[in-house]
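The values are calculated or read from the model by the stated rules, or taken from the named source; none is laboratory data. Since the structure is predicted, the reported quantities are computational estimates derived from the model, not experimental observations. Every residue, glycine among them, receives a Cβ derived from its backbone with ideal geometry; neighbour counts consider all protein chains shown. Just the protein is used for accessible areas: all its heavy atoms, side chains included, with ligands, DNA and RNA removed. Shrake-Rupley method; radii C 1.70, N 1.55, O 1.52, S 1.80 Å.
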Amino acid sequence: MLGPDGELLHASHSARRLLTGPGGGPAGVPHWLRRAHLGLPAAGARPGTVRYTDPVAGPVEAHPSPRPDGSTVWWFVLPDGCAGLLPGPAGGGPCDWELLTRLSGLLLSSLNVDRILETAARQAALHLADAAVLLAPGAGRTLHLVTCLRGGDPVHVQLRADPAEVPGLAEALQGFPPVPSRWIDPGAVPRWLVPAGLDRGGPVLVTPLPGHGVPAGALVLLRAPGGGPFGSEEEVFARLFAARAGAAVSAAVMYSEQAAVTDLLMRELLPPRLEHLSGVDFAGGYRASVDRDRIGGDFYDVHPAADPDGETLALLGDVSGKGLEAAVMTGKVRNTLHALLPLADDHGRVLNLLNRALLTSHHTRFASLVLASVRREGERVRVRLSAAGHPAPIVVRADGRVTESTTLGSIVGVLPEVVTRTDTVLLEPGEACVLYSDGITEAKGGPTGREQFGEHRLRQALAQCAGMPAEAIVERVQMLTAQWLREGRHDDMAVMVIAAPPRGHLAVTGGRQGNAA
């Protein structure tokens, strides 16, 4: 019985066993029951049934019966056969809720599967038995075990064995309810399940590790020969501990799987590593708008020529937006351009085919980019540039002069047709062509924190990079923009440098790595 303000006025013995546990409100009233009580409709309205899932007893129905004095009698209905699973009073016994809460905190302190299994095995051996074995679900007959003796360190074991040799173990690994310990013959337990240093023949308890919708493994508790049997309250406490361990293991497994999938997909979206290719130096740098992200809407690529005398296709672009959605669109643009490589000699045709692909997509994003066809001609490097709604590349001459390419064109993914004007640039030894995204020039910072880095500052910075290697130019631009930004917000930033090696470097026809003379 609860008073008008949710205070506990009276509870039967069975109700107290249900209400006793972590997360209680005033006077031991669980938060879920107190919320339901305070949310009862006004007098005269018919209250509804409240449903709650207990970690051990399962689904519980709570039926309120309001009384004239403002108090309410709550009746609890449990599934058949579950009343005996309710814990007894807390306070130092086998069902010590304070201990269980502390153990739950230890289990949830990591997202590393092996570390959680080790923690669970160590704590189970310390508080529940003389030894503990945790089995993670494996493939085929290969089992992954983590064993631990009381006071010892966990040990990982990989072995081929049949769980059906242990009564109730195969079922536990599939998520079925545990077999009572009194039904398990200690003499039937195989040697491979007993940790080294513990004699076989003591009481054994097997319980599943319930995960998030799928079994997370099984927990086996073992006592030395002559040890007392597991009592009913100890079995309940073991199930509670296993439920928390299973939830922690399951969460860590899902996190690991998602991280692996994300890493696999991200590999195709990350900018490539650039190097000396076909007698030309390439270098690139990228910084996402959010520092913790590795991908975004800016991108660059370099596709080697199919034959020694062909042109290497380099490109740098910017997809509208930021974050994962922009990165997915970036991947589509890069894959489409890769498929159009056989047509790379005709920049206009490539850009229009890409434009059609974006217009027929369900995405509403657009892109700007620069195509650069690069060929080594003796000591010089010829670069054909075609911009589509993108800032024109900047050419850094050997004497420090900085010029801008005359290429320009319309954006991709908006208009029915892309119009572009191609410009050809000849790079003498030691000269470079710099492709960049507007995230560089629009980076806001400086003394006021609101001023853009701007094209003028970029030109000044590049004028000081005359004769520098391609990698050094990229690092210089990234360093200056980072200093300008400080801790301010910014868009995705990408920069790529195409440079003619200085005199004294041998041209490598069709090779990937240059050789110093």
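Pairwise Cα separations in the stretch 391-460 fall into 10 Å bins from 0 onward with the following percentages, short to long: 17, 38, 31, 14, 0.
For a test of the definition: using alpha carbon positions, the gyration tensor, and the 1.5 limit on a/c, classify the stretch 318-463 as rounded, prolate or oblate. Walk me through the numbers on the way to the answer.
Values: a/c = 2.30, a/b = 1.17, b/c = 1.97.
It comes out oblate by the Cα gyration axes.
Remark: the stretch 462-469, residue by residue, has Karplus-estimated 3J(HN,Hα) of 6, 5, 7, 9, 4, x, 7, x Hz, where x stands for each Gly or Pro and the curve is 6.51 cos²θ - 1.76 cosθ + 1.60 at θ = phi - 60°. For Gly70, the shell of other residues with beta-carbons less than 14 Å away shows a net charge of -2, using +1 for Lys and Arg and -1 for Asp and Glu.
Is the shape of the stretch 122-177 best called rounded, prolate or oblate, per the rule: a/c under 1.5 gives rounded, else a/b larger than b/c gives prolate, else oblate, with a ≥ b ≥ c the square roots of the Cα gyration tensor eigenvalues? Mind dumping the intermediate values first?
Numbers: a/c = 2.54, a/b = 1.53, b/c = 1.66.
Because a/c hits 1.5 or more and a/b fails to exceed b/c, the stretch 122-177 counts as oblate.
Expected output is a single nm value to one decimal: the length gained when fully extending between Ser410 and Thr53, i.e. 0.36 nm times separation in residues minus the C-alpha distance. What is it? Intermediate values should be presented prior to the final figure.
Details: separation 357, 0.36 × 357 = 128.52 nm, distance 5.99 nm.
Result for the pair: 122.5 nm of gain on full extension.
In the stretch 169-236, the alpha-carbon atoms span a convex hull of 91 Å³ per residue. Per-residue Karplus couplings for the stretch 188-203, computed as 6.51 cos²θ - 1.76 cosθ + 1.60 with θ equal to phi - 60°, are listed in order as 8, 6, x, 4, 5, 8, 8, x, 4, x, 10, 6, 7, x, x, x Hz, Gly and Pro entered as x.
Extending 7 Å from the Cα toward the beta-carbon at both Ala472 and Asp399 defines two label points whose distance is 2.1 nm.
The mean of 1/r over all distinct Cα pairs in the stretch 403-443, once inverted, gives the Kirkwood hydrodynamic radius of 12.9 Å. Taking the centroid of alpha carbons for each part, the stretch 108-185 and the stretch 421-461 are 60 Å apart. For the Cα trace of the stretch 297-346, dividing Rg by the Kirkwood Rh returns an Rg/Rh value of 1.05. In this structure the stretch 415-473 gives 47 Å² per residue of accessible area when probed at 1.4 Å with all protein chains present.
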